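Trainee: What follows is a single structure, and I will ask about it in a moment.
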Amino acid sequence: MQHGEARFDRRHVEAMIAHCITGLPDEACGLLVGPLDPVTFAPTGDVERVVPCRNVDKSARTYSVHPQDHVRAMNAAQDEGLDVVGVFHSHTHSDAYPSPTDVRQAPDPTWLYVLVSLKDPEPTVRTYRIVDGDIIEAGMIVTG
Amino acid sequence: MPVEVRLPTIFRQHANGQAKLTVDASTVSELFDELTAAYPGLGGQLLGEDGQMHKFVNVYRNDEDIRYLDKLDTPLSSGDVVSILPAVAGGQ
């Protein structure tokens, strides 16, 4: 099932993959910044920036976005009239699909959740929404 | 003293959609009381029934995590920015 669209510039996708490869052998993570709908305050699906963050866990199996990186990303985005609208992280040895842990800990049903799988030689990138425990793939439009 | 509060998307629905609020408070605890009085739906998102912060909520005074300061007793000064945000985590 697909829901809505997530729109990225190619350089955003390349930046996410590069950060995830740099983070090996651990999982890597970062935040997505974009606009909100002025009426619903929900993310529009547009991504204007990716913000690589530190993985506090320093683990190959789990990630936690460093809250200090999150604060800085959120406040800088809000100063520009944007906001944090999603998160990306790597799966080093599994598919680009949210794990039960990812679903259980998903912080916001309006966010985009990008998974970067590094299990094969060619990285795979897919985007989802996670709503009430349901995983919904978002159409991923990459331009540029 | 006036303190600026920053809210993430998930909490904004409880604050009429606002990302930035100005609240008069001299500690984080007072700030939470003021927020809860003004936006009752927000209070339950921040504190558990035991009055302690939910573990999946992070609160920063400027660039510092209040868990490493005085937690809810962390003092606030005029012009401080208090950022409230959800923990963002997962794993394969």
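The values are calculated or read from the model by the stated rules, or taken from the named source; none is laboratory data. Predicted, not measured: the structure shown is a model, and the values here were computed from it. Glycine gets a Cβ as well: all are built from the backbone with ideal geometry, and neighbour counts include every protein chain shown. Protein only, heavy atoms only, side chains kept; ligands, DNA and RNA dropped before computing areas. Shrake-Rupley method; radii C 1.70, N 1.55, O 1.52, S 1.80 Å.
Trainee: Place +1 on the Cβ of every Lys and Arg and -1 on the Cβ of every Asp and Glu in chain A, take the dipole about the Cα centre, and give the residue among A:Ser117, A:Leu32, A:Pro98 whose Cα lies farthest towards its positive end.
Mentor: Positive-end residue among those listed: A:Ser117.
Trainee: Show me you know the interface measure: the accessible area buried between A and B, both chains summed, probe 1.4 Å, in Å² to the nearest 100.
Mentor: Buried: approximately 2400 Å² between B and A.
Trainee: As an exercise, find the ratio Rg/Rh for chain B from alpha-carbon atoms, using the Kirkwood inverse-distance average for Rh.
Mentor: Value, to two decimals: 0.94.
Trainee: Rounded to the nearest percent, how much of the accessible area of chain A (1.4 Å probe, protein heavy atoms only) is carbon and sulfur? All intermediate terms of the calculation are to be shown ahead of the outcome.
Mentor: Values: 3460 of 6590 Å².
Solvent-exposed carbon and sulfur of chain A make up 53 percent of the total.
Trainee: Leaving out ligands and nucleic acids, and using a 1.4 Å probe, what accessible area per residue does the protein assembly as shown come to in Å²?
Mentor: Here the residues of the protein assembly as shown average 46 Å² of exposed surface.
Trainee: Order B:16-24, A:51-59 from most to least packed using the mean count of other Cβ atoms within 10 Å.
Mentor: Going from most to least packed, we get A:51-59, B:16-24.
Trainee: OK, next. Determine the distance separating the Cα centre of region B:49-92 from the Cα centre of region A:75-144; give it in Å without decimals.
Mentor: Comparing the Cα centres of region B:49-92 and region A:75-144, I get a distance of 24 Å.
Trainee: Using a 10 Å cut-off on Cβ to Cβ distances, tally the other chain neighbours for every residue of A:83-92 and report the average as a whole number.
Mentor: 3
Trainee: To the nearest 10 degrees, how steep is helix A:67-79 against the longest Cα principal axis of chain A, on a 0 to 90 scale?
Mentor: That helix lies at roughly 30 degrees to the long axis.
Trainee: If you don't mind, there's one more thing I want to ask. How many Cβ atoms of partner chains, on average, are near each residue of A:9-20 if near means within 10 Å of its Cβ?
Mentor: Values: counts 0, 0, 0, 0, 0, 0, 0, 0, 0, 0, 0, 0.
So the per-residue partner count for this stretch is 0.
Trainee: Only helical DSSP H runs with n ≥ 4 go in: add -39500 (n - 2.57) per run for the protein assembly as shown, normalise by residue count and round the 222 nm mean residue ellipticity to 500 deg cm²/dmol.
Mentor: Result for the protein assembly as shown, helices only: -6500 deg cm²/dmol.
Trainee: Where the only charges are on Cβ atoms (+1 Lys, Arg; -1 Asp, Glu), what is the dipole of the protein assembly as shown about its Cα centre, to the nearest 20 debye?
Mentor: Here the size comes out at about 480 debye.
Trainee: Moving on. With N set to the number of residues, divide the alpha-carbon radius of gyration of chain A by 2.2 N^0.38 Å and report two decimals.
Mentor: This ratio for chain A stands at 0.96.
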